[in-house]
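The values are calculated or read from the model by the stated rules, or taken from the named source; none is laboratory data. In this text the structure is predicted, and so the values were computed from the model without any measurement. Every residue, glycine among them, receives a Cβ derived from its backbone with ideal geometry; neighbour counts consider all protein chains shown.
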Amino acid sequence: MSAVSYFQSKDYRKGDRLAALHDVYASVERVSIDVLGDDAPYFSVATRHLPDISLLDATISPMSPQRTRAQAGDGKDDLVFAFIESGKVSFDPQGGRAFELKGGDAYLGLNTRASRHTLVGEPRFFDITIPRAVLDPRVRVRDYAAIGKLVPSPALTLLKLYAQAIMQADAMLDEALARRSADHLLDLAALALGARKDDAEEASRNGLAVARLASIKSDIRKHLAENWLSLDEMARRHGISPQYLRSLFYKDGTSFTDFVRTERLERAHAMLTDAGRAQTRISEIAYACGFGDLSHFNKCFRQRFAMPPSEARAVALDER
């Protein structure tokens with residue numbers, strides 16, 4: 001089973017925060033941390049461990065983690081896809097060229113290489129850690145140390161978005177689902193680095209399509225109330241053809257229209273049964289969820305929940 005674990009500095013005494021942060025890092029790699037400034041370190045970290053892959057989402061105060069030569073020799077031969085979400089990062093690998101990164105940049109780190117990071121501003125980053133032995137058979141790359149800053153690509157973008165979607169799903173993943181999610185991430189990681197021919201074809205059929213659909217679904221949920229939400233517009237936003245977008249949903253056992261309608265209805269139901277919105281008119285909720293016609297909303301709601309919106313609200317309030 002795979003669950004998201006959360007670690008926040010507010011849960012520790014100030015004098016214990018640095019030691020706690022070292023322990024959190026240790027689940028991925030051993031480092032020594034120098035805090036920049038006189039205040040106790042701040043951190044908000046989420047981790048999830050999948051088969052062959054570890055995910056880490058962190059917002060921290062300015063600090064400088066260092067992986068020493070001794071720590072780099074601890075036997076962890078992992079590759080780290082590091083995505084900088086905000087702040088500025090100076091990365092200085094031993095024996096290599098130092099470079100600067102900012103929000104939107106990404107680089108490939110090696111746990112077998114001593115290095116120092118300096119994170120300033122309002123640092124937030126997202127790491128995907130994969131054992132080198134798992135990726136080696138899938139990619140053409142042999143000198144990972146020469147890669148450094150990663151070149152933007154659709155595969156790299158989808159790798160990050162799909163991994164973040166897995167982190168945002170608080171649900172426990174059973175063994176089979178965790179394995180499948182990890183396989184999709186491995187497909188995307190291989191494509192981002194340069195997959196071998198046979199692996200590239202397989203990864204494009206599997207991981208790339210799954211991650212693209214997950215990204216599209218996430219985008220739809222963010223814009224359910226928008227009147228421009230349509231199959232053609234969503235295809236344009238994601239740089240694919242409407243026919244391909246339609247096929248992604250078909251292979252998922254649904255359609256674009258059905259998915260949008262279901263998401264709008266689920267959001268409307270959640271709003272109707274929210275005690276804090278008990279005085280909000282049903283028509284306002286319908287429009288806020290993207291329904292432009294109240295009678296159509298009532299019909300769809302009955303079909304979905306076997307009762308009219310007013311009854312769903314009344315039942316929820318009575319239960320409370």
Query raised in the report: Could you count how many residues in the stretch 149-184 are part of a helix (DSSP H, G or I) and within 20 Å of F125 (Cβ to Cβ)?
Result: 14
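Taking the condition over 30 Å from A178 (Cβ atoms) and not hydrophobic (A, V, I, L, M, F, W, C), does Q94 pass?
Details: over 30 Å from A178 (Cβ atoms): yes; not hydrophobic (A, V, I, L, M, F, W, C): yes.
Here the answer is yes, as Q94 does meet what is asked.
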Query raised in the report: Has the stretch 42-49 got at least one residue that is free of Cβ contacts under 8 Å to residues at least 40 places away in the same chain, surrounded by 19 or more Cβ atoms within 10 Å (Cβ to Cβ), assigned to a strand (DSSP E or B) and in contact with a strand residue (DSSP E or B) (Cβ under 9 Å, 6 or more places away or on another chain)?
Result: yes
Report summary line: Considering the stretch 294-320, residues that are modelled with pLDDT of 90 or more and assigned to a loop (DSSP other than H, G, I, E, B), and then whichever is surrounded by the fewest Cβ atoms within 10 Å (Cβ to Cβ), we arrive at A306
Report task. Filter the stretch 98-154 down to the residues that are among the β-branched types (V, I, T) and in contact (Cβ under 8 Å) with a residue 60 or more places away in the chain, then identify the one that is surrounded by the fewest Cβ atoms within 10 Å (Cβ to Cβ). Result -> V120
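Condition check ((1) touching a Gly at 6+ places or on another chain (Cβ under 7 Å); (2) free of Cβ contacts under 8 Å to residues at least 40 places away in the same chain; (3) assigned to a helix (DSSP H, G or I); (4) among the polar types (S, T, N, Q)) across all residues:
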residue: E233; (1), (2), (3), (4): no, yes, yes, no
residue: R246; (1), (2), (3), (4): no, yes, yes, no
residue: T262; (1), (2), (3), (4): no, no, yes, yes
residue: M271; (1), (2), (3), (4): no, yes, yes, no
residue: Q279; (1), (2), (3), (4): no, yes, no, yes
residue: S283; (1), (2), (3), (4): no, yes, yes, yes
Query raised in the report: With respect to A82, is the statement that it is touching a helix residue (DSSP H, G or I) at 6+ places or on another chain (Cβ under 7 Å), within 19 Å of S153 (Cα to Cα) and surrounded by 20 or more Cβ atoms within 10 Å (Cβ to Cβ) true?
Result: no
**Report entry** Flag for T262 being surrounded by fewer than 14 Cβ atoms within 10 Å (Cβ to Cβ) and of a type in the set (V, I, T)
**Finding:** yes
Query raised in the report: Among the strands (runs of 3 or more DSSP E) confined wholly to the stretch 58-132, which include 1 or more residues that are hydroxyl-bearing (S, T, Y)?
Result: 63-67, 78-93, 106-110, 115-131
Query - Count - residues of the stretch 247-257 that are surrounded by fewer than 16 Cβ atoms within 10 Å (Cβ to Cβ) and under 16 Å from D219 (Cα atoms) - result: 2
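Matching residues to (1) more than 30 Å from L79 (Cα to Cα); (2) within 23 Å of the chain's Cα centre (by Cα):
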| position | (1), (2) |
| --- | --- |
| A178 | no, yes |
| L213 | no, yes |
| I220 | yes, yes |
| D232 | yes, no |
| T257 | yes, no |
| R261 | yes, no |
| A268 | yes, no |
| L272 | yes, no |
**Report entry** Contacts under 9 angstrom Cβ, first residue in the stretch 299-316 being within 15 Å of M271 (Cα to Cα), partner outside any helix (DSSP H, G or I) and of a type in the set (S, T, Y), 6 or more apart
**Finding:** A312/T273; R313/T273; V315/T273; A316/T273
Query raised in the report: Quick one: which of A209, A192, A200 is on the phi < 0 side of the Ramachandran plot, assigned by TED's automatic domain parsing to the domain that holds L135, aliphatic (A, V, I, L, M) and modelled with pLDDT of 85 or more?
Result: A192
**Report entry** Any hit, the stretch 65-76, residues being modelled with pLDDT under 90, crowded, with 18+ Cβ neighbours inside 10 Å and under 25 Å from the mean Cα position of the chain (by Cα)
**Finding:** yes
Requested in this report: Using the structure shown, decide if F291 is in contact (Cβ under 8 Å) with a residue 12 or more places away in the chain, within 30 Å of P154 (Cβ to Cβ) and surrounded by 14 or more Cβ atoms within 10 Å (Cβ to Cβ).
Outcome: no
